[in-house]
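Asker: Quick one: structure below, then a few questions.
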């Protein structure tokens, strides 16, 4: 007797291809977010949360020596820390020192790096070795650089005093890091020594990437070397210059290690800067609310300067 069982429909054996495709697209759409989720979590925990917490603490009278002030937030007194800073002479002195330090260090580093990059761009043999040697200062940690230059300018066994006495330039040892303004100059020299190599590498890469046809045409027209540098090299090098200055400014603005090791901001606040002043308030006085407010002011100034440089960078884009 023939079997009366019917064969199952094809849809029960094989799933609908459109359903499989839709499921695949939904999975593919969420896959990139799943891949970057660990990175986002780390960024939130390490950067975003501490930043927001610091902003919150800056509006509180948080002091470790007075537990009752721990995270006490009141709208009526939320700007008290900022008002104290605006009335503090040491704070304004640290702001002035920071502005002078950034201005002098960034500009001198740029001009030195620009000269070195143009000289290295003319070298045809051994340029790789020169670039390798130039990167040696970048391998030193800021703490080591601070100890190194603190020894250079030491009042008793420092290299500068010994060399000056041996050459007859000095009649007696001098406390370079204690006197004013030599203490600030010593910190600037250490920061310049550490940051010039990085800036030189960026400017050298930009110089080597410039179109040579423009320079050849200017040379054929009889333009001297100075005019070629002023009217061709500098305008074409402007995007690289702004990138280098942005990176350098952010790096110099975090030069807490060098200042802390060499002078500690002293003596008598002669070399005090925003970051050393905030560190002293947090570690010595336990005034975390006041230190956070000072740090926020420094962050705002840094962000404003960076945004200005980025706007200039967008304006300076050149299409070859």
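Just so it is clear, none of the values below were taken in a lab; they were calculated from the coordinates. Every value quoted in this text rests on a predicted model; they were computed, and no experiment measured them. All Cβ positions, even for glycine, are placed from backbone atoms using ideal geometry, and neighbour counts span all protein chains on display.
Asker: What distance in nm separates the two pseudo spin-label positions at residue 228 and residue 141, each 7 Å out from Cα along the beta-carbon direction?
Answerer: 4.6
Asker: By what distance, in whole Å, do the Cα atoms of the range 198-241 stretch along each of the three principal axes, largest value first?
Answerer: Projected onto the principal axes, the Cα atoms of the range 198-241 cover 34, 16, 14 Å.
Asker: Would you mind giving the three semi-axes, in whole Å and largest first, of the ellipsoid equivalent to the range 218-320 according to its Cα gyration tensor?
Answerer: 42, 17, 8
Asker: How large is the translational diffusion coefficient of the chain in µm² per second when you combine the Kirkwood radius over alpha carbon pairs with Stokes-Einstein at 20 °C and 1.002 mPa s?
Answerer: D, rounded to a whole number, is 87 µm²/s.
Asker: Between residue 31 and residue 72, what is 0.36 nm times their sequence separation minus the Cα-Cα distance? Round to one decimal in nm.
Answerer: Length gained, residue 31 through residue 72: 10.5 nm.
Asker: Given points 7 Å out from each Cα along the Cα-Cβ axis, report the residue 205 to residue 65 separation in nanometres with one decimal.
Answerer: 4.8
Asker: If the chain between residue 80 and residue 129 were fully stretched, how many nm would it gain, using 0.36 nm times the residue separation less the Cα-Cα distance? Kindly include the intermediate steps, with their values, before the conclusion.
Answerer: Numbers: separation 49, 0.36 × 49 = 17.64 nm, distance 5.59 nm.
Length gained, residue 80 through residue 129: 12.1 nm.
Asker: If I model a spin label at residue 312 and residue 43 as a point 7 Å from the Cα along the Cα→Cβ vector, what separation in nanometres do I get?
Answerer: 2.7
Asker: Can you give me the three principal axis dimensions of the range 69-187 from its C-alpha atoms, in Å, biggest first?
Answerer: Taking the Cα atoms of the range 69-187, the three principal extents are 68, 42, 24 Å.
Asker: Compute the Cα gyration tensor for the range 100-265, then decide on rounded, prolate or oblate, letting a ≥ b ≥ c be the square roots of its eigenvalues: rounded whenever a/c is under 1.5, prolate when a/b is larger than b/c in the other cases, and oblate in all that remain.
Answerer: The shape class here is prolate.
Asker: Based on the mean of other beta carbon atoms within 10 Å per residue, what is the order of 210-216, 113-119, most packed first? Walk me through the intermediate numbers first.
Answerer: Numbers: 210-216: 12.3, 113-119: 18.3.
Averaged packing, sorted descending, gives the order 113-119, 210-216.
Asker: Arrange the peptides 152-159, 243-250 so that the one whose residues have, on average, the most other Cβ atoms within 10 Å appears first.
Answerer: Details: 152-159: 15.8, 243-250: 18.6.
Highest to lowest by the protection proxy: 243-250, 152-159.
Asker: Pulled fully out, how much extra length does the chain show between residue 285 and residue 268, if you take 0.36 nm times their separation in residues and subtract their Cα-Cα distance?
Answerer: Once the chain is fully extended between residue 285 and residue 268, it gains 4.5 nm.
Asker: Any chance you could list P(r) for the range 215-266, counting all Cα-Cα pairs in 10 angstrom bins from zero, rounded to whole %?
Answerer: Reading the bins upward from 0: 21, 26, 20, 17, 12, 4.
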